[in-house]
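Structure first, then comments.
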Amino acid sequence: MNNFLFRVGTKTTGFLRSSQFIRSYGVKQDRKLEEIRKQLNDNPCVLYMKGTPERPECGFSNTAVRILEAEGAVYASFNVLKDENLREAIKVFGDWPTIPQLYVQGELVGGADVLMSLYKSGELTEILNNAKVLAKKEE
Amino acid sequence: MVSVEDIEKHLKEKFSSEDDKIKVIDESGGCGAKFLVAIGSSQFDGVSLLERHRIVNELLKEEISQIHAITLKTWTLKQYEEKINTL
């Protein structure tokens, strides 16, 4: 637990650096991690991103959205720019330092670069299809 | 500020064999906030893409926490030869 707090403490910047904030951060983060688990439990395909699918606020998040669109995936998305605690917690949860992050059936599939490679190779279609999160084709 | 040299130094902790290929490009226009990193190594043979990225993320965690954006290309030696000139 100490180790965990230390890692969070050294990663935070700017206003996050008040000692009071860091003391309360462990509890806050536990709560956030629990929230993430619930989000992944409730939704088979989840994208954590900057901005929204309608209005991505980062090129990498935009790439992820475009790929999911091209695949015809049905997914939930969460905007980390609206929630600083979520932004930090998802990095810890996925053991992945960057955003976006795509999860299918609770498992991290990857960030933008990984998604692009899996998309090009056809593996992403397979992953999404197996999880039954592709929208049915119109008749 | 993060430099190309900082990134190369950390990558060489793991990718130090003579055959390993490392290419780091500063795409920030000088402010040091955006990088492209391409690595070709036999250490990636048989390793999933997610795992390859995890290996590099771990080596560069200090830098990644400081910069805005990084693009990773984690290739086997064969992939590196095929793709490096298409960057």
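The values are calculated or read from the model by the stated rules, or taken from the named source; none is laboratory data. Since the model is a prediction, treat every value here as computed from it, not as a measurement. Note that each Cβ is placed from the backbone with ideal geometry, even for glycine, and that neighbours are counted across all protein chains shown. Please note that ligands, DNA and RNA were not included when accessible areas were found on the heavy atoms of the full protein model with its side chains. Shrake-Rupley method; radii C 1.70, N 1.55, O 1.52, S 1.80 Å.
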(request) Kindly indicate the residue of the range B:58-84 that is among the acidic types (Asp, Glu) and without any contact (Cβ under 8 Å) to a residue 12 or more places away in the chain and also farthest from residue B:6 (Cα to Cα) among those meeting that condition. (result) B:82
(message) Take the residues in the range B:28-65 that are assigned to a loop (DSSP other than H, G, I, E, B) and surrounded by 14 or more Cβ atoms within 10 Å (Cβ to Cβ); name whichever of them is nearest to the other protein chains (Cβ to nearest Cβ).
(response) B:65
(request) Being modelled with pLDDT of 95 or more, open to solvent by 50 Å² or more (accessible area, probe 1.4 Å) and of a type outside the set (Lys, Arg) is the filter here, so list the residues in the range A:8-51 that pass it. (result) A:34, A:35, A:41, A:42, A:44
(request) Run residue A:102 past the list (1) within 15 Å of residue A:32 (Cα to Cα); (2) open to solvent by less than 10 Å² (accessible area, probe 1.4 Å); (3) within 12 Å of another protein chain (Cβ to nearest Cβ) and report the number of the one that doesn't hold. (result) (1)
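Hey, could you check the range B:66-87 for residues that are aliphatic (A, V, I, L, M) and either more than 9 Å from chain A (Cβ to nearest Cβ) or part of a helix (DSSP H, G or I) (or both) and say which is surrounded by the fewest Cβ atoms within 10 Å (Cβ to Cβ)? Outline the logic, then answer.
Going residue by residue through the range B:66-87, those that are aliphatic (A, V, I, L, M) are B:67, B:69-70, B:72, B:77, B:84, B:87.
Now restrict to residues that are either more than 9 Å from chain A (Cβ to nearest Cβ) or part of a helix (DSSP H, G or I) (or both): B:67, B:77, B:84, B:87.
Values: B:67: 18, B:77: 16, B:84: 14, B:87: 10.
Only one residue tops the list, namely B:87.
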(message) Return the pair list, or none, for Cβ contacts closer than 6 Å from residues in the range A:41-62 that are more than 14 Å from every other protein chain (Cβ to nearest Cβ) to residues that are modelled with pLDDT of 95 or more and open to solvent by 50 Å² or more (accessible area, probe 1.4 Å), at least 6 apart or on different chains.
(response) A:44/A:105; A:45/A:75; A:47/A:75; A:48/A:78; A:51/A:57
(message) List the residue pairs whose Cβ atoms are under 7 Å apart, where the first residue sits in the range A:91-104 and is over 18 Å from residue A:118 (Cα atoms), the second is of a type in the set (Asp, Glu), and the two are 6 or more positions apart or on different chains.
(response) none
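Residues are listed down the side, and each one gets a yes or a no for (1) away from chain B (no Cβ under 14 Å); (2) open to solvent by less than 30 Å² (accessible area, probe 1.4 Å):
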| residue | (1), (2) |
| --- | --- |
| A:98 | no, no |
| A:108 | no, yes |
| A:124 | no, yes |
| A:131 | yes, yes |
| A:134 | yes, no |
